[in-house]
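> Sharing a structure here in structure tokens format.
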Amino acid sequence: MKSAKIKNLLDIAKAFPTEKDCHQHLAARRWNTGEIICPHNGCGFNQCYVFKDGIRYKCKGCKRLFNAKTNTFMQDSNLPSIKWIMAVYLILHVKGISSVQLSKDLGVTQPTAWFMLQRIRNSFKLPSENLEGVVEIDETFVGGKNKNRHYRKRMKYKELTGRTFPDKATVFGMYERETGRIKAMVLSRQEFRNMARVITYNIRPGSTLMTDDWSGYDRLDKIYNRHSIDHGKWIYADGEITTNRVENFWSHLKRGLHGTYISVSNKHLNKYVQEFVFRFNTRNLPIDEKMDCVIANMGHPLKYKDLIKAA
Ligand SMILES: [Zn+2]
């Protein structure tokens, strides 16, 4: 089914008046090559029977039933599918939405809204390819009160000298200038100490790195072309020496976290970071294409009790 372009909530309400409309939209986006693949774990067979209801399928391989929501964050939910589609719209459209706000917008309880947001967030994945070319890298600390740059430098120093900061989480970011893509993630203390490893895992060796003057980056000089901003602000052939763009992402992230989410526990922080990364990387797409990206990549469902355990 070819649906009309979605630009706002009213378009969603008009385009998907029934469960069948929702399912057909999800199926068209999830199996966007036109080939319906059995989503049951370990199957992946590409032939199925289609039921008359336009919602259900039966795999000709494993003989099990499925629908467009099987093995996704919408599975096992009794909510009307349109509420899920609207939730995806709302999380992508605004700069983040709290569970309290979402519960009001969708007419569901706040715990349900919280659960929906966590499940949707869980489907935001980092770009898997390595970044290359000129890449700005930087890290920041989330939590606590003092966020200015000088404090950040002292934090790095203290981190190196072995002092602990149980209230702060380290978020590491890499911005690829050519494409404007970012990868960012929460690092454990262990990963922070082995940052070179994180970097080589995510950035192609031989690329040009823009860093600040933190001495922890020195060990990267054998693997990358590194320019650090303390060498002055002159222009190199491959661009200016600055980490402004990745820092710009930090301000987005911090404004969003402070403005929308009253408190984010460190255990959930990485999911929020991935939500901001996804929104940032898809910033130039129209809303319906952003939604399609999420629907096409709907991950495995997360169980409610797993979330509660992590809270
Ligand atoms: Zn199957």
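The values are calculated or read from the model by the stated rules, or taken from the named source; none is laboratory data. Bear in mind the structure is a predicted one, so any value in this text is a computation, not a measurement. In this analysis, Cβ positions are derived from the backbone assuming ideal geometry, glycine residues included, and neighbour counts consider all displayed protein chains. We work out accessible area using only protein heavy atoms, side chains counted, and drop any ligands, DNA or RNA first. Shrake-Rupley method; radii C 1.70, N 1.55, O 1.52, S 1.80 Å.
> Any residue in segment 41-57 that is farther than 21 Å from Ile6 by Cα, out of contact with any helix residue (DSSP H, G or I) (no Cβ under 6 Å at 6 or more places or on another chain), more than 15 Å from the ligand (Cβ to nearest atom) and open to solvent by less than 60 Å² (accessible area, probe 1.4 Å)?
Taking every residue of segment 41-57 in turn, at least one turns out to be farther than 21 Å from Ile6 by Cα, out of contact with any helix residue (DSSP H, G or I) (no Cβ under 6 Å at 6 or more places or on another chain), more than 15 Å from the ligand (Cβ to nearest atom) and open to solvent by less than 60 Å² (accessible area, probe 1.4 Å).
> Okay, moving on. Which condition number in (1) part of a helix (DSSP H, G or I); (2) surrounded by 14 or more Cβ atoms within 10 Å (Cβ to Cβ) is the one that Leu10 fails?
Condition (2) is where Leu10 drops out.
> Restricting the search to segment 253-263, which residues are surrounded by 11 or more Cβ atoms within 10 Å (Cβ to Cβ) and either modelled with pLDDT under 65 or within 16 Å of Val186 (Cβ to Cβ) (or both)? Before the answer, list the steps.
Filtering segment 253-263 for residues surrounded by 11 or more Cβ atoms within 10 Å (Cβ to Cβ) gives 253-261.
Of everything in segment 253-263, those that are surrounded by 11 or more Cβ atoms within 10 Å (Cβ to Cβ) and either modelled with pLDDT under 65 or within 16 Å of Val186 (Cβ to Cβ) (or both) turn out to be Leu253, Lys254, Gly256, Leu257, Tyr261.
> Additional query: For segment 226-250, which positions are at pLDDT 85 or above and open to solvent by 80 Å² or more (accessible area, probe 1.4 Å)?
Asn244
> Just the residues that are near the ligand (Cβ under 9 Å from one of its atoms) and basic (Lys, Arg), please, taken from segment 59-90.
Passing the criteria: Lys60, Lys63, Arg64.
> Sticking with this one: Please give the number of the condition Thr33 fails out of (1) away from the ligand (no atom under 16 Å from the Cβ); (2) part of a loop (DSSP other than H, G, I, E, B); (3) closer than 15 Å to Val294 by Cβ.
Only one criterion is unmet by Thr33, namely (3).
> Can you tell me which residue within segment 68-110, out of those that are basic (Lys, Arg) and within 19 Å of Cys22 (Cα to Cα), is modelled with the lowest pLDDT?
Lys69
> Can you tell me which condition Gly42 does not meet? The list is (1) at pLDDT 90 or above; (2) more than 25 Å from the chain's Cα centre (by Cα), and all the others hold.
(1)
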